[in-house]
1. Volume per residue, Å³, of the convex hull around the alpha-carbon atoms of region B:378-502?
2. Just need the Rg to Rh number for region A:1-111, please, alpha carbons only, Kirkwood Rh.
3. What translational diffusion coefficient, in µm²/s and rounded to a whole number, does the Stokes-Einstein relation yield for region A:32-86 at 20 °C and a viscosity of 1.002 mPa s, taking the hydrodynamic radius as the Kirkwood radius over Cα pairs?
4. Order these peptides, B:479-489, B:49-59, by their mean beta-carbon neighbour count within 10 angstrom, highest first.
5. Do any of B:LYS28/B:LYS222; A:LYS118/B:LYS456; B:LYS161/B:LYS222 go past 19 Å between their Cα atoms, and which?
6. What FRET efficiency comes out for B:SER33 versus B:ALA469 if R0 is 60 angstrom and r is the Cβ-Cβ distance? Round to the nearest 0.05.
7. At q = 0.27 Å⁻¹, what is the log10 ratio I(q)/I(0) for region A:101-159, with the Debye formula run over Cα points and no solvent?
8. Let me have the 222 nm mean residue ellipticity of chain B computed from DSSP H runs of 4+ only, each contributing -39500 (n - 2.57), with the sum over all residues rounded to the nearest 500.
Amino acid sequence: MLAAILTLTTLGLALGGLLGLAAHHLKVEDDPVVEQVAALLPGSQCGQCGYPGCAPAAAAIAAGEAAVSCCPPGGRALAEALAELLGVEADLSAVDDQPPRLAHIDEARCVGCTKCLKRCPTDAILGANNMIHAVFPEACTGCGLCAAVCPTEGIEMRPERPTPQTWYWPRPEVAAR
Amino acid sequence: MTALRQLLRRPANRIHPLRGGVHPDDRKALAASAPITELPLPARLDLPLQQHIGASAAPLVRKGQRVAKGEPIARAQGAISAPLHAPTSGRVIAIAERPAHHPSGLAMPTISIEPDGEERWHPAITPCDDPFALDPAHIAERVAAAGVVGLGGATFPAAVKLNLGASHPLHTLVINGAECEPYLTCDDRLMRERAEAVIDGARIMAHALGVGGILVAIEDNKPEAAAAIETAAARFDAITLIRVPTRYPMGSERHLVQALTGRETPARALTAQLGVVVHNPATAFAVHQALRLGQPLIARALTLSGAAIARPANLWVPLGTAVETLIAHCGGLTEDDARLVSGGPMMGQPLPSHRAPTTKGCNAILALGAAERAPGRTMPCTRCGRCVEVCPCGLVPLELAAYIRAGDLEGAAERGLHDCLGCGSCAYTCPSQQPLAQYIAHAKGELAARARARRKQAETKALAEQRSARLEAIKRAKREAMARRKREAARKQAEQQTETEH
């Protein structure tokens, strides 16, 4: 009787101690979720989410401090991907209300200063000194950094317009269930 | 080869059963007795750069330039694309965004031509005496250069389909003369009036594909067309006419192949996987014109019908003619609030603008009167299951719609959303008038838009990474250059010191 109690107690203490040591010494330093979130984010460091860059934003999203829909360039697709990764319910009303935006350069105002193209995180602006600049809509994430630095306020963020190639039927409005 | 032998051995009227389908009132009598007449040359032609599936064409002409009839005005871009040709001689008056032939009414880059009335042909247009002496690949090249696309409405570049012989073992070409959509009679009239040319085009296509057998399938509500084709094809052993029962959607490529061969085309695969390629009779006619006469696709036959059209007709129309010109030619509209539809009433799309141009894929313009439209009062789904009975693809439309209504598009995709061919039988038969086809069209479009957004995000992310790598490299190069300059300066200084010490 006493032998059994002693054996089990020793065993329990020894294993418990071992687990404690392992927890302390073999601790995973980085949260792998942060890395996974960072891999999904656009990586353009635009700061529209309110964090200084994509890495701090990833940390905040993983910690649940920021909403999954906080990234305007990522839009709906990113919000859904993040919601699935983190297993949370995404509030998509915010991203649905705001269609993707694209930078548009007003050629009458552009003075060819190259400030915007130096700032563009995705190289979506083409231009040279004293030449009118232009935006590649395919590469523009709509982050708005260029509009902020334009000295003549010649860059406008316009909502992306559908073309016959991208248009599709809207959801039928159904009153009844 | 065995499949072909099976096809030839069995009696010509043996048709394999199909799942689902509906029997809408065909209303073909409105226009079926009207022969194809040529439309007088309109005062202006608007040619959108995208009239086909694939990449948009790129303009080859400038504003103000004079063009000859049949002259290329836009070239194909990429493997799946098609060029455009001037439908008549005249002057390019604009290259600008104009309302497209599209349910959205959105604008598309369009080349506008003002005809000069001379109908002067381009000198490069040369007839070919014997297309059968040509190399099959060369035929496909000529068909591509002529801008021929699938004229049944799908507008897939015909030459791409003529090259399928290289990647698939083929044995049969099917000419799809089912024309199962109500109201439509232009294929019927073309087969009646130009049967010889349609058969010739089909034989040229069979030569290009390297197949031995041609089946011409015609629904049994078109006995005159079947008789004309039978007479024209009597000289050729390889051609068999098959009368298929009248049932919508018999004209769907994969369903027609199933009716003829008894084999089902796998999901998201081509009928070429079964050794069969399907083309429309109007496409065969266009191939005949492209090869025999050297003429590109610059006009097509289309049906103008519907209760709100004063004189329903079948017209031979230059591409780019405004829809309102066609309607005026047919005596105008008899009802003020007629609804314009491009294509048949089942799969056609509403046309918001009367000024939209006709395009390569437009086989009909319908003006539907009030009596021809569904009252449009949507009632709740009673789960009666009629949509399930009629779905030719074996889907459960009411379930798909429920998923889409709940916003779970992935759930709908898992239940076969992408296998839906969009025939509209479910919405047609629904006693509660649920807009089932629109739910499905919306979900397909939304999923495609999300896929585009994901693709763009991956691409811009790669761009952002490339940029930060480049900036990093520049910084590093600067640092290294600075260090090198410092080392040089230090060495020079040391050398000077040793010199002064000497």
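A short reminder: the numbers here are calculations on the coordinates, not readings from a lab. Note that the structure is a prediction, hence the values are computed from the model and not measured. Please note: Cβ atoms are built from the backbone with ideal geometry, for glycine as well, and neighbour counts cover all protein chains shown.
1. Values: hull volume 14.7 nm³, N = 125.
With only Cα atoms used, region B:378-502 gives 118 Å³ per residue.
2. Rg/Rh for region A:1-111 comes to 1.36.
3. D = 203 µm²/s.
4. Working: B:479-489: 10.0, B:49-59: 20.2.
In descending order of packing, they fall as B:49-59, B:479-489.
5. Numbers: B:LYS28/B:LYS222 10 Å; A:LYS118/B:LYS456 21 Å; B:LYS161/B:LYS222 27 Å.
Distance filter (> 19 Å) returns A:LYS118/B:LYS456; B:LYS161/B:LYS222.
6. It comes to 0.30.
7. Log-scaled intensity ratios, in q order: -1.15.
8. Computed mean residue ellipticity for chain B: -11000 deg cm²/dmol.
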